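Inspection log for the structure reproduced underneath, given as C-alpha cells.
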Amino acid sequence: MRARWSSLTGPLDTSDLRDILLINVAVGIVGISYGAITVGEGFAWWVPNFMSVVVLGGASQFLFTGVVGAGGSVVAAVLAGLLVNARHLPFGFALADTVRGRPLLGSYLMIDEVVAFALAQRDPARRRAAFFVCGIGLWLFWSLGSLIGAVLGQTVTDTDAFGLDAAFPAVLLALIMPALRDAATRNVALVGSVLALFAVPYAPSGVAVLCALPALLLWRHRPGAPEPEEVDVS
Amino acid sequence: MISTTAIVAGGLVLGSGTFAYRAAGPVLQSRVRVSLPVQQLMSTAATVLLLALCVTSALADGQEWSDPARPAGVLVAGLLAWRRAPFVVIVLAAAATAAGLRLIGV
C-alpha cells in the first residue's frame, strides 16, 4: 500500500502535496456547511453523505437541496442538477489522456478543483499524479465533510465570518491563472464570465456558468500554440 | 418531506448522469481519435467554465448579489496569483480580506 501510494505521488514534490492538502481542507469545510444546510432543510442525516458519494459534484448537490428544500419535486431537482453538471462534458475531453489508465475512476473523480489543479500541470506524468492524488483526497474530504456537517447540524457556526466563502473562488482563480496568462485564452474566458454575470439574475443557481460557453465562438485554433506554463505553487 | 425512495432514486439518477458527462470524453477517446484542435478547444472550454464559476460564485449566491467583502477577497487573490504569490498565501489572503472587511462592518 505504501509502495503504491509513493508510486502514485512520485512526480509530485512536498509543495504540491501541501497545496493539495490546502485544497482538500477548503473543500472539506464547504462539505461541512453542505451537510449542515441540507440537514437544516429537513433531510435525514445520511442524505448529504449519500449524495456526496453518488454525485460528487458540490454545485449540483447544493442545488438539489435547495430545490427540494423549497418544495420542488425530485424530478425538477435532478434536471436542474444535470443542467449544472453539463460543464463536466468538456472536462472529460480535456483530461481524456490524463485518466487513460483508469478511465472509470478518473471520470468519477472529475471535480472542478481537481480538473483545475490537473490542467495547471504541463508534464503528463505530473498531471496524472496531481489528478489522482487531489481527486482521491477530495473524495475523502468532501464525503467526510458532508457527514460531519450533517451530524453537527445547526451547531456549525457561520463560516462567512472567517471569509471562507471567498476562499473557494480564490482556489479556482489561483489554479486557472497559468492558463489565463495566455492572452487569447484569457480574452475568451473574460468575455465568457461577463456573459455568465449577465445571466445570474435570470438563471437558476449554477446554470449561469453555462452561459459563458458562447464566448468560445471567439476561439481560433492556432497551430503550434504554446502550452500553458507550469504553475508555480511553491 | 419527500420519501426516502425518491431521494435515493433522485441521487442515483443525478449521479449516473453526472458520471456520464465526465466519462464521455475518456470513453470516446479510446474509440475515436479526438483531433488536437478539438482537445485544445475543450481545454479552453474548461478554463472558460472554471473562470465563470469563480466569478459568479465570487459575486453571487444563486440569483442574489453577494456582499462586497467576498469579491474584494477574490480580487486580492487574483492580484496575488497574477504576481505569482504562493498558493497558500493567495487562498489565506482571500479569506483574511473578506473576514477583515466584515469585521470592520463593510
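Read the figures in this text as sums done on the coordinates, not as results from a lab. These numbers come from a predicted model, not from an experiment. For neighbour counting, all protein chains shown are included, and Cβ atoms are generated from backbone atoms with ideal geometry for every residue, glycine included.
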Which distance in Å, rounded to a whole number, links the C-alpha centroids of region A:72-98 and region A:19-56? 18 Å
Sort all Cα-Cα distances of region A:97-225 into consecutive 10 angstrom bins from zero, then give the percent of pairs in each bin up to the one containing the longest distance. 11, 28, 37, 20, 3, 0
Low-density loop positions, trypsin sites (Lys or Arg not before Pro), region A:115-222 - DSSP coil, at most 11 other Cβ in 10 Å: A:Arg220
Of the convex hull enclosing the alpha-carbon atoms of region A:134-199, the direction-averaged projected area in nm² is 6.6 nm²
Two decimals is fine: what's Rg over Rh for region A:11-180, C-alpha atoms, Kirkwood radius as Rh? 0.98
Sequence-separation-based contact order of region A:35-95, relative, with Cα cut under 8 Å and 6+ spacing, percent: 25 percent
Beyond 20 Å, the calculated P(r) of chain B holds a percent of Cα-Cα pairs equal to 64 percent
Computed over chain B: longest principal axis from alpha-carbon atoms vs helix B:87-103 long axis, angle to nearest 10 degrees, is 50 degrees
Evaluate peptide B:29-37: per residue, the Cβ atoms of other protein chains within 10 Å of its Cβ; return the mean as an integer. 3
Evaluate the relative contact order of chain A (contact order divided by residue number), counting alpha-carbon pairs under 8 angstrom at least 6 apart; express in whole percent. 29 percent
